[in-house]
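Novice: Here it is, the structure, as structure tokens.
Bear in mind these aren't lab numbers, they're just calculated from the coordinates by the rules spelled out. Keep in mind it's a predicted model, so treat the numbers as computed, not measured. Because the Cβ atoms are built from the backbone with ideal geometry, glycine has one as well, and the counts that use them run over all protein chains shown.
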Protein chains: 2
Amino acid sequence: MDVEAQAPWRELARITEEGSPQQVEQFLKNLPDGEVAHTLSRLSEEECSQVLTALSPEEAADLVERLSDAQALEVIERLPPQTAAAILDELPSNEQADLIADLERSGAEAILAEMDPAEAADARTLSRYADDVAGGLMVTEFLRYREDATVGEVVEDMRDRADEYRDYDVQYAYVCDRDDRLTGVLRLRDLLLAPRSRPIADLMIRRPESVRDDTSLDDLADFFDRHHYLGVPAADKDGRLVGVVRKAAVDEAWAARQDSDFLKTQGIVGGEELRTMPLGRRASRRLSWLSVNILLNILAASVIAFFQDTLSAVIALAVFLPIISDMSGCSGNQAVAVSLRELSLGLVRPNEMVRVWLKEIGVGLINGAALGLLIGGVAWLWQGNAYLGLVVGVALGLNTMVAVSIGGVVPLVLKRFSVDPAIASGPLLTTVTDMCGFFFILGIATMLLPQLGG
Amino acid sequence: MDVEAQAPWRELARITEEGSPQQVEQFLKNLPDGEVAHTLSRLSEEECSQVLTALSPEEAADLVERLSDAQALEVIERLPPQTAAAILDELPSNEQADLIADLERSGAEAILAEMDPAEAADARTLSRYADDVAGGLMVTEFLRYREDATVGEVVEDMRDRADEYRDYDVQYAYVCDRDDRLTGVLRLRDLLLAPRSRPIADLMIRRPESVRDDTSLDDLADFFDRHHYLGVPAADKDGRLVGVVRKAAVDEAWAARQDSDFLKTQGIVGGEELRTMPLGRRASRRLSWLSVNILLNILAASVIAFFQDTLSAVIALAVFLPIISDMSGCSGNQAVAVSLRELSLGLVRPNEMVRVWLKEIGVGLINGAALGLLIGGVAWLWQGNAYLGLVVGVALGLNTMVAVSIGGVVPLVLKRFSVDPAIASGPLLTTVTDMCGFFFILGIATMLLPQLGG
């Protein structure tokens, strides 16, 4: 196709093959914003590795940061350990650690052996933390001074190591005592106005806010909601300063979790899926979720088998079975979505099931009545039998109330029992609402069989 | 209930009623992180207004920033214009503008009239921008100096206005010419090392990166992906510096969009829903989406009505209709989720339909075969008729391929025609896959009616 021939990834692969590193760099610089991620994602892993090898480690690290986690991992795995190590040396410490943690053990060791020893030691320590606690999100690149340093010494140090500090995203320096315990923070701006001979202990803000290295992502998000800081120092259990958690890292991790929750509700479980991944992996991951669902579906449909006689007497009912199932699923999913969101915003607690249920049953009454009247009217008009309308309408109305109740409450219950509500709410909801729905319509029909002409 | 009696929102309402402003402030300070949003969300609007009135405008503004957009709006609407104006004066300019833009026109005018005239003028200008362009996301609180200023003058100004600048989240000052056009940026750190008499024009970084005020959220996200900045200056069409877009604002807007996309895919359309909102509004918003869906469902089910004779001959088929419908929905939704995500990450373009379809059909073949075999086997075992197994299995297998194809491609097509894929993909998918699925199972069954014993 035309698109393929002039595609930037073809061009990039060609330049990497034939051109100089400068040309590769220039080509990437000239790509419009937003085209870079797309272009890189379309390269084969082989080609992507070639591009990274052609660039300087700094440039390559910039690119790696813009790949998706899954793609970055695959590319790093294919590079010779030495090249991989040079690139990892240039990444911020939290991203180093994420990659090291996700790499296969032997691969990780080979790369760590080639890295700058200080960076490698950092990466080892950080990769032991979970992804979603302060320790896994913090960086170890920050300014740290002793209490007894003077303004002049600090300014001196900043001048001498300006290159190294250039990428540090901080407006603050952290001040520690002899045991590495945090005692204050220093606003760089305050250094501007102070005489050089003054000890920084006089300028620093004492007893600064800090977090423990095992603080959860939820608590960190709340912390940054409360405090207008761009970063917060993190201390280990002995109170030693071990890193700085940037607000940006917390925001990013939060967005990534929302993203993964969204994928899970839609049945993409076990990590992100990109269409550049191998077919077998994509198919089997999706299938693992589908196979649980089909068993639940069979379970739900067995209710229909139980009422087979009623169904063969009034075959028109069969038309309404999928409608009841689908509409109850829709109503229930709305309630699930609101609960998941309120849970993630901290606006509802897992023990507030009664309150949520009361709020949902109101919606269920109104919408159940509206949908029941509509579908009942349709059934009546279609078959000219008011009783059929009654059966179908009452069944959908009742089941809408069941669906919103379950949809609203189930995420809270799952959360309480530490089951991921994003994964499990949907299947649980549809199974129960299907069973109830089929039972309502076929059960009521069985009672009214004579009136239905069966 | 017990929970209600000792609940922090009851306590807060009581203290607001009976206590001093200091007690209210103290109570809020003492709430654990993460409890504040929850507590505020549970107050009635009346009570929430009372709390805000009791606090100083600065404290109140801090609280307003932590409410959800919908709740902040309702609370501000209920305050006397003077109180509301005092609080708005303390908000960052982009949040001021968001609130002003969302307020009813007359209410907005009343509040603007009471605000600090400079703040009000800013808010008016900013509220004209769309929410998701640079102009709507930028703040007007930033440091701006003329090219001919000296280091000494800048340091002087920073000392004099330290209070005002305290909340500015910037490490940079922006340097403009006489026509307010941006000519450079100044790293505050560089001021540390420079003699006071030096003109800042010597220190500043020339030709800095900047964005137009109409730059879209997508392009801003890409910009911050490419550049490790915490903020970027924004210029109007004449090149005049009008504000600074912070990376944090872009990240937040991005997360908000993902959040709203998630709600839309689950059928919460027309803005966020909180359970604290009035029942009528919650029910009618959900119903507007459900009523479209029920009509599409009736359309799809009409295929079943068409095959009524086949169905009454082989009543066992009725058990499999909801299974086919539901499983195809699941498979299709997985493909929708991957496409929505790849679209939002810029990893796929709306014109790459053929590529996406080829990637999906592979998954469809594998998973269709697996699911078809499973359900076919169940049908065979249940009724002891291999032909029934064949009909059901082939129908589900074929329809899985239809579902992943439609699910993968539909979001791209909708995006291309500028229809919101998060809202419309799901209903379109289920309608088409239901119709195809019912057609496959009942059509094949009609052909094999003698073998099915019908």
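Novice: If you line up the long axis of helix A:93-102 against the longest principal axis of chain A, both from Cα atoms, how many degrees apart are they, to the nearest 10?
Specialist: 50
Novice: Here's another thing I want to ask about it. Once you place label points 7 Å from the Cα toward the Cβ at B:Asp236 and B:Glu58, how far apart are they in nm?
Specialist: 3.2
Novice: While we're looking at this one, here's another question. In a solvent-free Debye calculation with one equal scatterer on each Cα, what is log10 I(q)/I(0) for the range A:177-265 at q = 0.14 Å⁻¹, listed in the order of the q values?
Specialist: Taking Cα atoms of the range A:177-265 as identical point scatterers yields -0.62.
Novice: Express in nm, to one decimal, how much length is gained between B:Ser216 and B:Ala7 on full extension, taking 0.36 nm for each residue of separation and deducting their alpha carbon distance.
Specialist: The B:Ser216-B:Ala7 span can extend by a further 70.9 nm.
Novice: Right, here's the next one. Could you work out the Kirkwood radius for the protein assembly as shown, taking every pair of different alpha carbons, averaging 1/r and inverting it, reported in Å?
Specialist: The answer is 30.5 Å.
Novice: Hey, another quick one. Using the Kirkwood radius over Cα pairs, work out the Stokes-Einstein diffusion coefficient for the range B:349-454 at 25 °C and 0.890 mPa s, in µm²/s as a whole number.
Specialist: Translational diffusion coefficient: 165 µm²/s.
Novice: In terms of modelled amide H atoms, which long-range or inter-chain residues lie less than 5 Å from the amide H of B:Gly184?
Specialist: B:Val175
Novice: With the Cα gyration tensor of the range A:2-128 in hand, convert its eigenvalues to equivalent ellipsoid semi-axes via √(5λ) and list them largest first in whole Å.
Specialist: Taking √(5λ) for each Cα gyration eigenvalue gives 27, 14, 12 Å.
Novice: If you don't mind, another one. Please arrange A:Val338, B:Val24, A:Val413 by how many other C-beta atoms lie within 10 Å of their C-beta, fewest to most.
Specialist: A:Val413, B:Val24, A:Val338
Novice: For chain A, take the longest principal axis of its alpha carbons; what is the angle in degrees between that and the long axis of helix A:45-54, to the nearest 10 within 0 to 90?
Specialist: Computed tilt is about 20 degrees.
Novice: Using a 7 Å offset from Cα along the direction of the beta-carbon, what are the separations from B:Asp160 to the same position in each other copy, nm, ascending?
Specialist: Label-point distances to the other copies, shortest first: 3.7 nm.
Novice: A further question on this structure: May I have the convex hull volume per residue, in Å³, for the Cα set of the range A:221-362?
Specialist: In the range A:221-362, the Cα hull volume divided by residue count equals 218 Å³.
Novice: Whole Å is fine, so just give me how far the alpha carbon centre of the range B:382-402 lies from that of the range A:120-161.
Specialist: 62
Novice: Beyond 21 Å, what share of the Cα-Cα pairs of the range B:5-75 is found? Please give it as a whole percent.
Specialist: Tail fraction, whole percent: 12.
Novice: Counting alpha carbon pairs within less than 8 Å and at least 6 residues apart, what relative contact order, in whole percent, applies to chain A?
Specialist: 11
Novice: Only bridges with both residues in chain B count here: give the DSSP antiparallel percent, nearest 5.
Specialist: Approximately 75 percent, going by the DSSP bridge assignments.
Novice: Antiparallel DSSP bridges in the protein assembly as shown: what percent, to the nearest 5?
Specialist: Looking only at bridges with both residues in the protein assembly as shown, the antiparallel portion is about 75 percent.
Novice: What whole-number distance in Å separates the alpha-carbon centres of the range A:304-343 and the range B:10-36?
Specialist: The range A:304-343 and the range B:10-36 have Cα centres spaced 46 Å from each other.
Novice: Now for a different question. Note down the relative contact order for the range B:107-193 as a percent, whole number, built from C-alpha pairs under 8 angstrom at least six residues apart.
Specialist: Contact order relative to length: 22 percent.
Novice: Once the label point is set 7 Å along the Cα-to-beta-carbon vector, what list of distances in nm do you get between A:Arg206 and its counterparts in the other copies?
Specialist: Output for A:Arg206: 4.8 nm, nearest copy listed first.
Novice: Would you mind getting the Kirkwood hydrodynamic radius of the range B:279-447 from its Cα pairs, rounded to one decimal in Å?
Specialist: 16.8
Novice: Check which residues have an amide H placed less than 5 Å from A:Gly243's amide H, if you skip close sequence neighbours.
Specialist: Hits under the 5 Å cutoff: A:Ala234.
Novice: Using the eigenvalues of the Cα gyration tensor, what equivalent ellipsoid semi-axes result for chain B when each is taken as the square root of five times the eigenvalue, whole Å, largest first?
Specialist: 57, 30, 17
Novice: So if I take the centroid of the Cα atoms in the range A:254-280 and the same for the range A:44-101, what is the distance between those two points in Å?
Specialist: So the two Cα centres are separated by 22 Å.
Novice: Sticking with this one: Using the 7 Å Cα-to-Cβ label point, sort the distances from B:Ser44 to its equivalents in the other copies shortest first and give them in nm to one decimal.
Specialist: Inter-copy label distances (nm, one decimal, shortest first): 6.9.
Novice: Now for a separate question. On a full-extension model of 0.36 nm per residue, what is the gain between B:Gln26 and B:Ala110, subtracting their alpha-carbon distance, rounded to one decimal in nm?
Specialist: Between B:Gln26 and B:Ala110, full extension yields an extra 27.1 nm.
Novice: When A:Phe224, B:Phe27, A:Phe417 are ordered from fewest to most other Cβ atoms inside 10 Å of their Cβ, what list results?
Specialist: Ordered by Cβ neighbours within 10 Å, fewest first: A:Phe417, B:Phe27, A:Phe224.
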